[in-house]
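Encoded as structure tokens, the structure appears first; notes follow it.
The values are calculated or read from the model by the stated rules, or taken from the named source; none is laboratory data. Just so it is clear, the structure is predicted and the values come from calculations on it, not from any experiment. Reconstructed Cβ throughout: ideal geometry from the backbone, glycine too, with neighbour counts over all protein chains shown. For accessibility, only protein heavy atoms count, side chains too; no ligands or nucleic acids. Shrake-Rupley method; radii C 1.70, N 1.55, O 1.52, S 1.80 Å.
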Amino acid sequence: MRDKRSLLTVWVCLFLITPILAVAQAPPRLDLDGVQPIDLIFNEPVAITDIYRAIAKAAGSTVLFDDRLREREATFEARDVTITEALDLLTVDAGHFWVAVDDRAFLVAEDVPQNRRTYDHQVIALWHLENVEVKDAMTILRSLLALKNIATAEDQSLLVMRDTDAKISVARRILSSVDQPLDRAVVQVALLRLDAEQAERLAAGEASDDIAARATRLLAGEVGLVGRQEGAFSHSGEVDGRRMRLGVDVRGKVAADTRDVELDLSMTLVINGGNEGTSVTLNESKELKSSWRLADGEVLLVPLPGPFPGSDDKLALQLTPRVEHAGQGGEMPIMWVGTEVNIAAPAALGDE
């Protein structure tokens, strides 16, 4: 029953955000196959419609002008640009916008809201979110693109959007970037007992993984990190008649570019038994650091101050991060909110 209500919600959303749902088809675009980059040099003022006609001629296309387009003179220079780049540069500079009418014609009009409403092609897009919350995605799109026609089916993590082809295209790219799985890592934590030889090797800087493999493991567990949240590990046990309690709080994040794990730890270790005991608090010890950057799978041994009670053996904390997922990282894509919107030519328009 719930699935039926969810499906009904989606269809109601579609009905509310658009009066007519046309058959989905790709918007018309200029056929520019084989058209090479061009140079446009108008150092002396000429009618701006003549510059558009020069671009159309180079593209093998026809240019149409909205009947309210004001003629004026302008200079223009662009070298080694594609047809669409030339049109984008000229229209932005002139306060115009252009749309393809079909594969051999384009229309130029003043860039004012009324003309946008008349000529911009409206499309509907549905997006299923897998990681980001629906309300967060809506906030992002409304803040960045001023999208107003958005409906949701939250129980299905579904967004339904209606706007121009250009805005929808950018919205989809934004959602592709933000709707990513959170960074996930597991940090393996262990309390090790090192004999005198192993402690000397660790102090001498030998490989931690080899020492850890031969050391005696007293307590062990793991901490899961999702995004930049904190994780905690707490365990108690008994060794040689001594009660031990180890508590470790871990904060960390995954560096997406290198898959390194940046860790910030606080630790409390208490060992009791007989007349002897030891207590170590990581954040309060001047001998220890509490922040590290470790490679995925790297083994780190942190020597703890003081011996294991009743012996000359040393204690060490072992940390080994395992990255399950790292985010995209690097540079975010640059998105051009341009005029890629296309419509059928109004019957009243024609080439001048």
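Quick notes
- Solvent-accessible area of Thr268, all protein chains in place: 50 Å² (probe radius 1.4 Å, heavy atoms, ligands and nucleic acids excluded).
- With θ taken as phi - 60° and the Karplus curve 6.51 cos²θ - 1.76 cosθ + 1.60 applied, the whole-hertz 3J(HN,Hα) list for segment 154-167 is 5, 5, 10, 6, 10, 10, 10, 10, 10, 5, 5, 4, 5, 5 Hz, x standing for glycine and proline.
- Residue-count net charge about Leu30 - beta-carbon cut-off 9 Å; Lys, Arg +1, Asp, Glu -1: -1
- In nm, spacing of pseudo-spin labels at Val46 and Glu324 (7 Å Cα→C-beta vector): 6.4
- Approximate spin-label separation Ser291-Glu130, in nm, with each point projected 7 Å along Cα-to-Cβ: 3.4
- Accessible area in square angstrom per residue, segment 102-146, 1.4 angstrom probe: 57
- The Cα atoms of segment 47-87 give a gyration tensor whose axes a ≥ b ≥ c have a/c of 1.5 or more with a/b no greater than b/c, which makes the shape oblate.
- Full-stretch length increase - Leu144, Arg72 - with 0.36 nm per residue and alpha-carbon distance subtracted: 22.6 nm
- Cα-projected label distance for Val270 with Val35, points at 7 Å along beta-carbon direction, nm: 7.7
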